[in-house]
1. How many residues, within the range B:13-27, are more than 10 Å from DNA strand C (Cβ to nearest atom) and aliphatic (A, V, I, L, M)?
2. Within the set of pairs 6 or more residues apart or between chains, which connect a residue that is part of a helix (DSSP H, G or I) inside the range B:12-23 to a residue that is open to solvent by 100 Å² or more (accessible area, probe 1.4 Å) and within 9 Å of DNA strand C (Cβ to nearest atom) with Cβ atoms less than 6 Å apart?
3. Pick from the range A:28-59 the residues that are exposed (fewer than 12 other Cβ atoms within 10 Å of the Cβ) and near DNA strand C (Cβ under 9 Å from one of its atoms): which of them is nearest to B:LEU129 (Cα to Cα)?
4. How about the range A:52-149: which helices (runs of 4 or more DSSP H) wholly inside it have at least 3 residues that are of a type in the set (A, V, I, L, M), within 14 Å of chain B (Cβ to nearest Cβ) and closer than 17 Å to B:LEU66 by Cα?
5. Say whether the condition of being within 23 Å of the chain's Cα centre (by Cα), within 14 Å of another protein chain (Cβ to nearest Cβ) and open to solvent by 30 Å² or more (accessible area, probe 1.4 Å) is met by at least one residue in the range B:1-18.
6. Would it be correct to say that A:GLY5 is touching a Phe, Trp or Tyr at 6+ places or on another chain (Cβ under 6 Å) and either within 16 Å of DNA strand C (Cβ to nearest atom) or not assigned by TED's automatic domain parsing to the domain that holds A:LEU180 (or both)?
7. So for the range B:61-72 (the condition being surrounded by fewer than 20 Cβ atoms within 10 Å (Cβ to Cβ) and over 21 Å from B:LYS128 (Cβ atoms)), does at least one residue qualify?
8. With more than 14 Å from DNA strand D (Cβ to nearest atom), over 30 Å from B:LEU156 (Cβ atoms) and acidic (Asp, Glu) as the only criterion, which of B:GLU59, B:GLU23, B:GLU92, B:GLU15 stands out?
Number of protein chains: 2
Amino acid sequence: MIVTGAVMPGALLAETALAQEFEVSRTPIREALKQLEREGLVEVRARVGTFVRKPTQREIHEMFELKESFEGLAAGLLAKRGPVPELEHLKENVARSQQAVEHGDAQEYSQLVHDFHSTLVAGADNRKLSEHYDLLMNQLAYQRIVSQTLSQPGRLQNSVKEHQAIIDAISSKDPLAAELVMRRHVAASSQLAAIAALKEDEGQSN
Amino acid sequence: MIVTGAVMPGALLAETALAQEFEVSRTPIREALKQLEREGLVEVRARVGTFVRKPTQREIHEMFELKESFEGLAAGLLAKRGPVPELEHLKENVARSQQAVEHGDAQEYSQLVHDFHSTLVAGADNRKLSEHYDLLMNQLAYQRIVSQTLSQPGRLQNSVKEHQAIIDAISSKDPLAAELVMRRHVAASSQLAAIAALKEDEGQSN
DNA sequence: AATTGGTTTGTTGCATGCATGAAATGCTAG
DNA sequence: CTAGCATTTCATGCATGCAACAAACCAATT
């Protein structure tokens, strides 16, 4: 809903309006908005209104630091796991990503990248990690969609190679290497995404 | 409230009862309980009741893995920071912890350990990290568990030494070492805490 | 024209009533 | 005495009304 960017940041989310739209009373709407407030997606100003929150540039930076830590942990845990059912899925993902890059299919590639990272975190077999990760990614989602498509074509090929290296480290049961490679990969991607988000931000505010 | 263990796991938290206790209507109580449900502290079974949730042994293990990752990240970020105002506070904390260990003051030491870790995470200067960390620690009810590991004789002195090593790594601006030492420290403490939690669990269920 | 004051409007915060459904309870039959 | 069924109890889920308050608006005055 909000994470897809369907509503613009700063927009008012009036309880009564949403209640009419979804054809329920204010109460369940209100509870949902409170949840979103706790997730940091909206800001409820008492007796004024509920507004879609726009993450600051600093918060985006902080969230990318967390993302690196989360996914690094996930990669390490995957390498520590005995059998990893998701490994085949990840290998196939890399193969298809390679094809997508060669064909210049940005849409397909964006989808595959998202699938790769969420499969990897899910495969870590740590539900609490997944919960925290999902929470984090919800807050980042809007920026993610925009910046993914704007990544430079040269980066995509490198990204695929890094994905392959991550899989290799996991396959060889090397948790330290898996975490290290993963973190470097996320850091590199994050840097580009942060720059894209910054430019987007400047374009909006002017 | 719940995190302090004032109410036992499995206990029913009736909205009407809480409403009378706090002298408000059900509505704000209800919102608070929904928040706690999202935080994983209580379980709301539709039209049955709201109950204090008891983390499974597996969840405790997962949360300790997350704790290690969070605090490792925090230590690394601290070492990366230029000036660290909290460093003096941390040094003083270690000095007082050393005294507490020598005097066998378990109560004081427990408080100092908690202060050390929260100061360290807060000092990382990453609010999103702090939010996720606080969320995690609420679920762990850490204070309750850690107090039971205090009876371990040799562990306390080792813990203080590890705290000192963490400070040294931060002082020398070595992020990798800071993270590594921190993670080893958390892993060691977590192992003892997990054992304590397991024993408490067995004691309860019998 | 600008400012200040009061009024109006719109929003959330809270209280409360009713509907829904699950679980406990008791009653009856075997 | 036990098993099964109806009933009663009790909890949340949702709808709605009212109060409180912030902000926008408008008019009067300087």
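The values are calculated or read from the model by the stated rules, or taken from the named source; none is laboratory data. Predicted model only: the values in this text are computed from it and were never measured. Backbone-built Cβ (ideal geometry, glycine too); neighbour counts: all protein chains shown. For accessibility, only protein heavy atoms count, side chains too; no ligands or nucleic acids. Shrake-Rupley method; radii C 1.70, N 1.55, O 1.52, S 1.80 Å.
1. Count: 4.
2. As it stands, the answer is B:GLU15/B:ARG26; B:ALA19/B:ARG26, since those pairs meet every condition given.
3. My answer is A:ARG45.
4. Helices (runs of 4 or more DSSP H) meeting the threshold: A:57-80.
5. No.
6. Working: touching a Phe, Trp or Tyr at 6+ places or on another chain (Cβ under 6 Å): yes; either within 16 Å of DNA strand C (Cβ to nearest atom) or not assigned by TED's automatic domain parsing to the domain that holds A:LEU180 (or both): yes.
In short, yes.
7. yes
8. Working: B:GLU59 fails: over 30 Å from B:LEU156 (Cβ atoms); B:GLU92 fails: over 30 Å from B:LEU156 (Cβ atoms); B:GLU15 fails: more than 14 Å from DNA strand D (Cβ to nearest atom).
Of the residues listed, the single one that is more than 14 Å from DNA strand D (Cβ to nearest atom), over 30 Å from B:LEU156 (Cβ atoms) and acidic (Asp, Glu) is B:GLU23.
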